[in-house]
1. Quick one: dipole size for the range 2-123, taken about the Cα centre, charges +1 on Lys/Arg Cβ and -1 on Asp/Glu Cβ, in debye to the nearest 20.
2. For the range 1-62 and the range 91-123, what is the separation of their Cα centres, given in Å?
3. Evaluate the relative contact order of the range 17-68 (contact order divided by residue number), counting alpha-carbon pairs under 8 angstrom at least 6 apart; express in whole percent.
4. With each label point set 7 Å from Cα along the Cα-Cβ vector, what nm distance links GLN4 and SER122?
5. Quick one: putting +1 on the C-beta of Lys and Arg, -1 on the C-beta of Asp and Glu, what dipole do you get for the range 43-115 around its Cα centre, in Debye to the nearest 20?
6. Mind checking the alpha-carbon convex hull of the range 16-58 and giving the volume per residue in Å³?
7. Tell me the carbon and sulfur percent of the accessible area for the chain, rounded to whole percent, probe radius 1.4 Å.
Amino acid sequence: VQLQASGGGLVQAGGSLRLSCAASKRTFSNNAVGWFHQAPGKERGFVAGINWRGGDITYADSVKGRFSISRDNAKNLVNLQMNSLKPEDTAIYYCASAYSSVPARNSAGYRYWGQGTKVTVSS
């Protein structure tokens, strides 16, 4: 089981990045996928989650209206479009496959995790 997050980088405040999470069909099959972030010295926090069919989407309040999660099940990809980035968005971003089809907002609801991709937003 392996999830691969990519797309991180350095961007100025107000800019955009698109993160992608790739995994095997078995890993994603019928399961919700979530994105989390973790800044240095802070706990891992929920960012966004999406169910298998894409009809149930949830966001952390801090990213509503700026981030958008989507998935392409044919390609086994889940994307996170991040717009209007702020310095406080700086963190390592992880994607994870949930235990169920429900996009939980807590890391305990996720079974498999990717290695993370680093996002740095400069002011």
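1. Once rounded to the nearest 20, the dipole reads 260 debye.
2. So the two Cα centres are separated by 5 Å.
3. 25
4. 2.9
5. It comes to approximately 160 debye.
6. Hull volume normalised by residue count: 104 Å³.
7. 45
The values are calculated or read from the model by the stated rules, or taken from the named source; none is laboratory data. These figures come from a predicted structure and were not determined experimentally. Using ideal geometry, Cβ is built from the backbone for each residue, glycine included, and neighbour counts are taken over all protein chains shown. SASA here: full protein model, heavy atoms, side chains in, ligands and nucleic acids out. Shrake-Rupley method; radii C 1.70, N 1.55, O 1.52, S 1.80 Å.
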